[in-house]
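S.K.: Dumping the structure here so I can ask a few things about it.
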Amino acid sequence: MTLLKKLQWSFGILLFFFVLPVIAGQLPFNKQASTPIKQPEDKQVVFAATNLEEQNVLEQTKEPEPDLDPFKVLVLFTHTHEAYEPMVKAVSGKVATSHETVNIMSLKDKIVNHFNVNGLKTDILDVDTMKELQAQGKGYHQSYDVIRPFLSKHLETNNYDLILDLHRDSLKHDLTTISYNGENYAKIAIVVGAEHANYRWNTAYAESLSSTLNAIVPKISKGVISKSGDGVDGRYNQDLAKQMMIIEIGGIGNTEEEVNRTISVIGKAISKAFVNDSKE
């Protein structure tokens, strides 16, 4: 090999090693070297996000699980024929404060519906006390004595978180009505008998409900009235349960719309006072 050929061959080798890195950078198999490799953590985040989206879809489409331990309310009417004059007049054309069918007990379906909407499992003690009075030959003042055995027997096999004996007041419309946000509501009075051992328990439940009612519609509740002494019952069967009270919804002159709005507020207040707040 001549000296010239040796120099050419040596120059060629040097040129090859000089150009090789440039050529290698253009080859397809080496493109990944200039591209950041995704870390396994990124893949896990993407996977988790996908699962979360799928979970949200499932949560939106699946049926809600039933409440295994609902808040149970028992509603009864000791004075079943207490009526509201506008309601009776709309049906019979006559003004009356007592009626066999158009009375406070006839509102039981509305009460159950409003309470159920607020998550309350509601039962009605379906006893017409006034008819029982007639059947037993007893007077109006013995109403609480007549309904007592029915209530007592029912409570032997059923447990409730709240027991309400619903009535209406005997006062006129201007004293039993309140306006709030352009709507009229029947006012509420809560009565607790003070002559029995459960008195303080009943009062605590009543005061909690009263304050919650007023938080929803200011001054809709006239507060808790304690009854004792001569001329009153003094216990109103509230000795049978610590969580029992009388609620007077409006008076003789309140309309069905006003009473209905107030029933709705009572349902909301029970839920807020005794159910939702206890979960927070």
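S.K.: Can you tell me which of (1) closer than 30 Å to residue 88 by Cα; (2) surrounded by fewer than 18 Cβ atoms within 10 Å (Cβ to Cβ); (3) at pLDDT 95 or above; (4) not charged (D, E, K, R) is the one residue 232 doesn't meet?
M.R.: Tallying (1) closer than 30 Å to residue 88 by Cα; (2) surrounded by fewer than 18 Cβ atoms within 10 Å (Cβ to Cβ); (3) at pLDDT 95 or above; (4) not charged (D, E, K, R), residue 232 fails exactly one: (3).
S.K.: Given the criterion in contact with a strand residue (DSSP E or B) (Cβ under 6 Å, 6 or more places away or on another chain) and either among the acidic types (Asp, Glu) or crowded, with 16+ Cβ neighbours inside 10 Å (or both), identify the matching residue among 151, 125.
M.R.: When all the criteria are applied, what remains is 125.
S.K.: Let me ask something else about it. Which residues, taken from region 235-280, are more than 25 Å from residue 178 (Cα to Cα), in contact with a strand residue (DSSP E or B) (Cβ under 9 Å, 6 or more places away or on another chain) and at pLDDT 95 or above?
M.R.: Selection gives 235, 236, 237, 238, 239, 240, 241, 243, 244.
S.K.: Have a look at 208, 221 and point out the one that is closer than 22 Å to residue 75 by Cα and surrounded by 18 or more Cβ atoms within 10 Å (Cβ to Cβ).
M.R.: Testing whether each residue is closer than 22 Å to residue 75 by Cα and surrounded by 18 or more Cβ atoms within 10 Å (Cβ to Cβ) leaves just 221.
S.K.: Can you tell me which condition residue 257 does not meet? The list is (1) buried (at least 21 other Cβ atoms within 10 Å of the Cβ); (2) part of a helix (DSSP H, G or I); (3) of a type in the set (D, E, K, R), and all the others hold.
M.R.: The single condition residue 257 does not satisfy is (1).
S.K.: Take residue 275 and tell me if it is in a helix (DSSP H, G or I) and surrounded by fewer than 21 Cβ atoms within 10 Å (Cβ to Cβ).
M.R.: Working: in a helix (DSSP H, G or I): yes; surrounded by fewer than 21 Cβ atoms within 10 Å (Cβ to Cβ): yes.
Against the criterion (in a helix (DSSP H, G or I) and surrounded by fewer than 21 Cβ atoms within 10 Å (Cβ to Cβ)), residue 275 qualifies.
S.K.: Something else now. Pick from region 206-242 the residues that are of a type in the set (Lys, Arg) and not in a loop (DSSP other than H, G, I, E, B): which of them is nearest to residue 146 (Cα to Cα)? Full working, then the answer.
M.R.: Going through region 206-242, the residues of a type in the set (Lys, Arg) turn out to be 219, 222, 227, 235, 242.
With the extra rule that they be not in a loop (DSSP other than H, G, I, E, B), the set shrinks to 222, 227.
On the way: 222: 28, 227: 20 Å.
Ranking the qualifying residues of region 206-242, first place goes to 227.
S.K.: Which one is farthest from residue 261 (Cα to Cα) among residues in region 84-106 that are in contact with a strand residue (DSSP E or B) (Cβ under 8 Å, 6 or more places away or on another chain) and touching a residue at least 60 places away in the same chain (Cβ under 8 Å)?
M.R.: That would be 97.
S.K.: Please work out which one of (1) in a strand (DSSP E or B); (2) out of contact with any helix residue (DSSP H, G or I) (no Cβ under 8 Å at 6 or more places or on another chain); (3) among the hydroxyl-bearing types (Ser, Thr, Tyr) is the condition residue 203 fails and give its number.
M.R.: Unmet for residue 203, out of (1) in a strand (DSSP E or B); (2) out of contact with any helix residue (DSSP H, G or I) (no Cβ under 8 Å at 6 or more places or on another chain); (3) among the hydroxyl-bearing types (Ser, Thr, Tyr): (1).
S.K.: Taking region 84-98, which residues are of a type outside the set (D, E, K, R) and open to solvent by 50 Å² or more (accessible area, probe 1.4 Å)?
M.R.: Selection gives 90, 91, 92, 93, 95, 97, 98.
S.K.: Kindly indicate which of 194, 215 is open to solvent by 50 Å² or more (accessible area, probe 1.4 Å) and either farther than 20 Å from residue 77 by Cβ or over 26 Å from the mean Cα position of the chain (by Cα) (or both).
M.R.: 215
S.K.: When you look at residue 87, is it in contact with a helix residue (DSSP H, G or I) (Cβ under 9 Å, 6 or more places away or on another chain), closer than 24 Å to residue 232 by Cβ, part of a helix (DSSP H, G or I) and of a type in the set (A, V, I, L, M), yes or no?
M.R.: For residue 87, the condition - in contact with a helix residue (DSSP H, G or I) (Cβ under 9 Å, 6 or more places away or on another chain), closer than 24 Å to residue 232 by Cβ, part of a helix (DSSP H, G or I) and of a type in the set (A, V, I, L, M) - is not met.
The values are calculated or read from the model by the stated rules, or taken from the named source; none is laboratory data. Note that the structure is predicted; figures quoted are calculated from it, not measured. Note that we place each Cβ from the backbone using ideal geometry, even for glycine, and neighbour counts take in every protein chain shown. We work out accessible area using only protein heavy atoms, side chains counted, and drop any ligands, DNA or RNA first. Shrake-Rupley method; radii C 1.70, N 1.55, O 1.52, S 1.80 Å.
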